[in-house]
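The values are calculated or read from the model by the stated rules, or taken from the named source; none is laboratory data. This is a predicted model, so every value here is computed, not measured. Positions of Cβ are backbone-derived with ideal geometry, glycine not excepted, and every protein chain shown enters the neighbour counts. Accessible surface is based on the protein model in full, side chains and every heavy atom, while ligands, DNA and RNA are left aside. Shrake-Rupley method; radii C 1.70, N 1.55, O 1.52, S 1.80 Å.
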Amino acid sequence: MSNQMFYKALQSECLTQKANLIIVSKNQSLEAIKAYYDLGHRDFGENRVQNLLERKAALPSDIKWHLIGHLQSNKVKSIVDFVHMIHTVDSMKLMEEINKHAEKVDRIIPVLIQIKIAEEESKYGLEPAELSGFLSEAFKRNFPQIKICGLMAMATLTEDESKINEEFQTLRSLFQESKDSAFVDPAIFTEISMGMSSDYKIALQNGSTMIRVGSLLFQ
Ligand SMILES: *Cc1c(COP(=O)(O)O)cnc(C)c1O
């Protein structure tokens with residue numbers, strides 16, 4: 001299948017499942033990204049701040065840029081005036097920085113909390129058991145410039161679909177628990193960002209609302 005045909009098929013799958021497609025443009029040429037822009041796509045994701053800034057400068061200004069990789073506190077300032085959503089918040093320090101810089105540019109930043117669900121030792125993300133304490137503290141501290149919109153995670157890189165399924169289920173139930181808690185606004189806490197090229201189908205089956213797909217769309 002051509003890239004374009006695959007894109008259309010993926011879009012209609014997302015529509016059926018009420019999910020949004022974030023095209024992960026990392027490692028791709030500006031021309032290849034622009035081709036999806038020209039088809040009408042606007043949500044793109046980058047995992048490094050430096051690349052995000054370069055692409056943002058080189059591509060049309062109505063692109064909605066998602067930061068999907070780790071964010072260091074000292075880089076917040078450089079993206080806060082334009083970023084559409086930060087998928088990878090995993091510390092109170094980062095919440096503080098985002099809130100502080102967003103206030104200076106008078107924006108409210110939509111964020112997701114990144115959770116470790118994979119078996120691999122990953123450096124980033126909260127442990128599932130840390131989430132409710134984190135949300136309760138964020139609620140008490142009240143960050144007026146931040147909207148906590150949901151959760152994000154990556155599954156273990158494995159061929160074992162039942163394992164991936166279990167991990168996505170874990171994220172889904174954490175999402176539901178959090179949404180039912182007193183610490184988030186259920187009208188705003190609506191997003192589960194999970195699923196990439198290798199596992200987006202399993203993610204959609206488990207209620208993903210945002211899949212982040214890169215390599216499959218650029219072959
Ligand atoms: C690279 C990346 C993706 C997309 O991965 P593909 O396998 O290319 O679809 C999704 N999420 C994150 C956090 C990434 O870094």
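Selection of segment 84-109 for residues being out of contact with any helix residue (DSSP H, G or I) (no Cβ under 7 Å at 6 or more places or on another chain) and open to solvent by 10 Å² or more (accessible area, probe 1.4 Å) yields H84, M85, D90, S91, E96, N99, K100, E103, K104, V105, D106, R107.
Checking the condition of a type outside the set (S, T, Y), open to solvent by 70 Å² or more (accessible area, probe 1.4 Å) and either within 11 Å of the ligand (Cβ to nearest atom) or part of a helix (DSSP H, G or I) (or both), which residue from N27, N51 passes? Break it down into steps so the answer makes sense when it comes.
Details: N51 fails: open to solvent by 70 Å² or more (accessible area, probe 1.4 Å).
The match here is N27.
If you filter segment 54-83 down to residues that are more than 13 Å from the ligand (Cβ to nearest atom), part of a loop (DSSP other than H, G, I, E, B) and open to solvent by less than 10 Å² (accessible area, probe 1.4 Å), you find that the one that is nearest to F6 (Cα to Cα) is V83. Here the condition is being assigned to a helix (DSSP H, G or I), surrounded by 13 or more Cβ atoms within 10 Å (Cβ to Cβ) and not hydroxyl-bearing (S, T, Y); of L151, L135, L112, it holds for L135 alone.
For D43, indicate whether it is open to solvent by less than 50 Å² (accessible area, probe 1.4 Å), within 20 Å of L21 (Cα to Cα) and within 16 Å of the ligand (Cβ to nearest atom). Spelling it out, D43 is indeed open to solvent by less than 50 Å² (accessible area, probe 1.4 Å), within 20 Å of L21 (Cα to Cα) and within 16 Å of the ligand (Cβ to nearest atom).
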